[in-house]
Amino acid sequence: LLLPIGAFMAAFIIGIVVWLSRKRLSPLGELAIAVRNREFIVHYQPIVELASGACVGAEALVRWRRPDGSLVRPDLFIPLAEESGLIMPITDQVIEAIIADLAALLRMDRNLHIAINLCAGDVTSGRILDVLQDRLSGARIEAAQIWLEATERGFIDIDAARATLIQARERGHMVVIDDFGTGYSSLQYLEGLPMDALKIDKSFIDTIGRDSATSSVTPHIIEMAKTLDLRIVAEGVETEEQAEYLRERDVHFGQGWLFSKPLPAGEFIRYYQNAKTRAGSGWGNVRVVA
Ligand code: C2E
Ligand code: MG
Ligand code: MG
Ligand code: MG
């Protein structure tokens, strides 16, 4: 029942916004039309197990493909989408794109994971979990193959956020706290949150090997995650020096230009299959959910 109501609400919001901006197309009006015309596609950035070099999955990163073929980066439209409520149908289109692009591969290889970015509204309402359950079961993809990335911006209503994340884990998803270190998280605050992994923000990875005030924070974040028994994903790994530093500290996963930029679906599939062949016998032992 919730699904049709959600779809109805989305159609309603799109309708209102398109109607309001009929005369002069505002950025919001353009975005609403893009939603209606389904102009959103997904690129996939490989996530690598640092110890073995095996590709364990990818992060799904949305792009707005305009009718002229140009791609708009999410930073330029996600904030507006969140403010206006258009993010709901965009998230739905992201999930549909993942299934259209990768369902066959995900069914064939149960060790492959895709991480989805949730916005504050998704985390507060929990609606996204029902959408996922519906779409994933239809495509015979396991919940454990979908990681959910939430940022602290999503925890404005902390009780609602906690309820959604608990339910997400009960259904088998892995919960990742994204952009970790950039918010206000204290250790105490974190301890109460249901989660499996921390994604250390690129700004901390950038400081590795540099002499700066923040560079001394990075090892503490790693230690803290270990104390809480959390997996760690390092974001924005660009140099071999950074990867080596992270490997030495037993950081589990890395993602960044050193391994690959975000790729269109077809290129990601090829990357994944090649990486798998390269990894050889060590492959397949990657258990993520404890
Ligand atoms: P994020 O979740 O922190 O994603 C990581 C961003 O860092 C991505 O930017 C990625 O392309 C970039 N990146 C990864 N490795 C490197 C690197 O080695 N060097 C550099 N310079 N950059 C790297 P992108 O794709 O532009 O996405 C920006 C943000 O937009 C994301 O940050 C996420 O917060 C948001 N976003 C993307 N897709 C979605 C989505 O489907 N839904 C929602 N709600 N937000 C999304
Ligand atoms: Mg993310
Ligand atoms: Mg991130
Ligand atoms: Mg980030």
Environment charge of residue 124, counting only residues whose C-beta is closer than 10 Å and scoring Lys/Arg +1, Asp/Glu -1: -2
5 angstrom amide H check on residue 252, placed H, neighbours 5+ away: 232
Note, ³J(HN,Hα) from phi for the range 166-172, Karplus 6.51, -1.76, 1.60, rounded to Hz, x at Gly and Pro: 4, 5, 4, 5, 4, 7, x
Length released on extending from residue 159 to residue 73, taking residue separation times 0.36 nm less the Cα-Cα span: 27.8 nm
Percent carbon-and-sulfur accessible area, the chain, ignoring ligands, DNA and RNA, probe 1.4 Å: 55
Rounded FRET efficiency, nearest 0.05, which uses the C-beta distance separating residue 226 from residue 12 and R0 of 45 Å: 0.45
Column: log10 I(q)/I(0), Debye, Cα scatterers of the chain, q = 0.15, 0.16 Å⁻¹: -1.22, -1.37
Gain on full stretching of the segment that runs from residue 240 to residue 212 - 0.36 nm per residue minus C-alpha separation: 8.1 nm
For the chain, share of DSSP beta bridges that run antiparallel, in % to the nearest 5: 40
Probe 1.4 Å, protein heavy atoms only - accessible area per residue of the chain in square angstrom: 48
Among 203, 84, 70: highest mean-square fluctuation, GNM of the chain, C-alpha pairs under 10 Å: 70
Potential lengthening between residue 5 and residue 83 on full extension [0.36 nm per residue; Cα-Cα distance subtracted]: 26.1 nm
Rounded if a/c under 1.5, otherwise prolate or oblate - the range 137-283, Cα gyration tensor axes: oblate
Compactness of the range 19-80 - radius of gyration and Dmax, Cα, Å: 16.2, 56
Unit charges on C-beta of K, R, D, E only; dipole of the chain, Debye: 1000
Point-to-point label distance, residue 166-residue 276, nm (Cα→Cβ direction, 7 Å offset): 3.8
Among 108, 155, 190 - extreme Cα towards positive end, dipole of the range 88-197, charges at beta-carbon: 108
Computed E for residue 140/residue 26 - FRET, C-beta separation, R0 51 angstrom, nearest 0.05: 0.80
Neighbourhood charge, 10 Å Cβ-Cβ cut-off, centred on residue 238 and excluding it, Lys, Arg +1 and Asp, Glu -1: -2
Percentage of interatomic Cα-Cα distances in the range 125-192 larger than 20 Å: 30
Max mean-square fluctuation residue, GNM over the chain, Cα-Cα springs under 10 Å, options 252, 220, 43: 220
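The values are calculated or read from the model by the stated rules, or taken from the named source; none is laboratory data. A quick note: this is a predicted structure, and the numbers were derived from the prediction, not measured. Heads up, the Cβs are rebuilt from the backbone with ideal geometry, glycines too, and the neighbour counts pull from every protein chain shown. Surface accessibility is based on the protein's heavy atoms, side chains included, excluding ligands, DNA and RNA. Shrake-Rupley method; radii C 1.70, N 1.55, O 1.52, S 1.80 Å.
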